[in-house]
Structure formats: C-alpha cells, structure tokens
Amino acid sequence: MAVEFNQQKLESALQNGRKFVYLPFSLHIFSSVASTNRTLWELIDQGADAGSVVIATQQTAGRGQWGRQWVSPTGGLYVSVAIAPKIAANTSYQLTLASAWGIASQLRQAGVDVGIKWPNDLVLEGRKLGGILTETKIKFGHISQAVVGVGINWANPVPETGINLESWQAQQVDKPISCLETLTSKVLLGIESGLACLFQEGIDILLSRYCELLVNMGDRVHVNELWGVVVGVTPQGDLRVALQTDGLTDIKTSELSLEPGTINLGYRRSLGTY
C-alpha cells in the first residue's frame, strides 16, 4: 500500500501544536529507507544538526532493542530525531523514558488511550502500537549525540500481539488522528515535550509522569525464584520490583532493580486479526 506524505501538512501541524521550541525540526522525508536511525546518523556525519528528522513509511532493515529485527512494512510511521543532550552516559535511558512519556501524552490528549509498556513500547488495548530505539555516541563520559527512533503502526499489517491505529480508529465513533501527518506531528511534539520535561523539570518529575502511564504498575512478576510486584522505574531505566518476602529470612533486600532486557513482561494476544 503506497502512502503519500505531505510535508506542508506536517509543518502546519507542528506549528499549530507547538508549545516548546527545544528542537528546530529540519525534515528529511523518504518513502523507504533501510533504517531511519541509520539514515539520520549518516546525515549527522555530513553535518546535520540536533533537531534533524528522518521520516519514512517503510524500512527495509529496521532495528529494535538489543539488535532485534524490527519488521517495518509500508504503511507504518518510522521517524528518527537527532538530539545533543549532553548528559552522563549512564543516564542514556532517560532519553527513551522521556520520549515514551511525551509521545503517549500527546496521543492521549488527542483521544488515543495509549499506555507505556516498560521500558520502551507504546501500547493500545494491551497490544503493541509502537516502540522506541535510542542510540548514542559517547565522548568523555557524556552523550555527545543521540538519535531517538520511533516506529508506530499506522496502516501497516501487524502481528497478533500488535495493533495499528487505522484499524483501531475504524472501531471508534470519532477518528482522533485524522492522517499520517497528524500522527507524525504528535510523535515529534511528544519527543520534544518529553525532553523539555526531563531537562527543565528533572528526572523525578519525568519518572512520576512516566509511571502514571506505565501499564505494568502492580504487575506480579517472577524473578530469581521469587515473586514480586512492579512498583516503579529507576532514573537509569531499571524496573523496580518489590519482593514478596513473607516467611523468608535469607533475603537481604525487599526490592530489586532489573535492567531492560533481563525480564520479558509480555503481551496479551488479540481476539481478532487485522
């Protein structure tokens, strides 16, 4: 399915919805790329500044977290944004947390009840709507450059545990997101507002807002042969799990912090197909 992208419509939506001017968006739009992150890194190597954006409706070699393949068929939204955060290397996950919260908040304000699945997925009705991949370059212990990549299911086919926005909207009375350009503006403005929250209000405020939208809060999980309950997220992006230690005398701590990738919180399967 061919998807035409109207740059003028996107620029108008960005201008109308803007509350912050943290990123001077410079748009680079493609019908298909191997990877929007990779394309943006190439532009950065050629001198592109923070605020540069690569947008595509198909990726032929998309990447997810931990080197996994991100299947990116035509009809989805794939967008990457360059930033220069100048934060400590060990706090890089804050960029992902900020982006996830910002995008989810923008979509919720538009009428799409999006939540966050730890650490970097956007969910709708318990199924995956999109994901975020942040890549960084480190210099002298700090992040000198970063690229935040986002994939959102718009009108593309999705797996059983996924959902696309067009199919979801077809079941609603109203259509909150009228077109692909509107969706793109919500994503870009979300990244910008999330970063503004992080850098202007601080990580504690950001984490409290992130956890308000975290669908995993209160989930019961099995860790190291013990049961626990998800109670939050650390400033480094680790999952906080309060252990259920009743009757156990050899447990030295009542809470664990789990790094991203060490536990799979899973998805529920859909009742229908798309």
*Relative contact order, percent, of the chain when contacts are C-alpha pairs under 8 Å separated by at least 6 residues?*
18 percent
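Using 0.36 nm times the number of residues separating Gln172 and Gln46, minus their current alpha carbon distance, what extension gain do you get?
On the way: separation 126, 0.36 × 126 = 45.36 nm, distance 4.45 nm.
The Gln172-Gln46 span can extend by a further 40.9 nm.
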*Among Ser167, Ser185, Ser193, which one moves the most in a GNM of the chain with springs linking Cα atoms closer than 10 Å?*
Ser167
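How do 142-148, 217-223, 255-261 rank on mean C-beta neighbours within 10 Å, highest first?
On the way: 142-148: 20.3, 217-223: 13.4, 255-261: 15.0.
Put in order of decreasing packing, that is 142-148, 255-261, 217-223.
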*lysines near Lys186 by alpha-carbon distance under 23 Å, same-chain residues fewer than 8 away left out - which ones?*
Lys9, Lys19, Lys117, Lys128, Lys175
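Summarise the accessible area of the chain (1.4 Å probe, protein heavy atoms) by the percent that is carbon and sulfur.
Numbers: 6030 of 12960 Å².
Roughly 47 percent, rounded to a whole number.
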*For the chain, what is the calculated [θ] at 222 nm in deg cm²/dmol (nearest 500), taking -39500 (n - 2.57) for each run of four or more DSSP H residues and dividing by its residue count?*
-8000 deg cm²/dmol
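Quick one: accessible area per residue over the range 183-224, 1.4 Å probe, rounded to a whole number of Å²? Intermediate results must be reported in sequence, preceding the final value.
Values: 1660 Å² over 42 residues.
About 40 Å² of surface per residue is accessible.
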*asked:* Could you check the spin-label model distance between Val223 and Gln109? Points 7 Å from the Cα along Cα→Cβ, value in nm.
replied: 3.3 nm
*Return the aspartates and glutamates within reach of Lys139: Cα separation strictly under 16 angstrom, same-chain partners fewer than 8 residues apart disregarded; answer none if there are no such residues.*
Asp45
_Taking the alpha-carbon distance from Lys86 and a cut-off under 12 Å, which aspartates and glutamates remain once sequence neighbours fewer than 8 residues away in the same chain are dropped?_
none
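Normalise the Cα radius of gyration of the chain by 2.2 N^0.38 Å (N = residues in it) and let me know the number. Don't skip to the answer; put the middle values down first.
Details: Rg = 18.7 Å, N = 274, 2.2 N^0.38 = 18.6 Å.
With N residues counted in the chain, Rg over 2.2 N^0.38 Å equals 1.01.
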_Mean-square fluctuation check for the chain, GNM, Cα pairs under 10 Å: which of Ala104, Ala155, Ala13 is largest?_
Ala13
_Given a 10 angstrom Cα cut-off, can you work out which residue in Gly131, Gly47, Gly17 is the most mobile in a GNM of the chain?_
Gly47
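The values are calculated or read from the model by the stated rules, or taken from the named source; none is laboratory data. Quantities reported herein were computed from a predicted structural model and do not represent experimental measurements. All Cβ positions, glycine included, derive from the backbone under ideal geometry; neighbour counts span all protein chains shown. Each accessible area value is taken on the protein alone, full model and side chains, heavy atoms only, with ligands, DNA and RNA left out. Shrake-Rupley method; radii C 1.70, N 1.55, O 1.52, S 1.80 Å.
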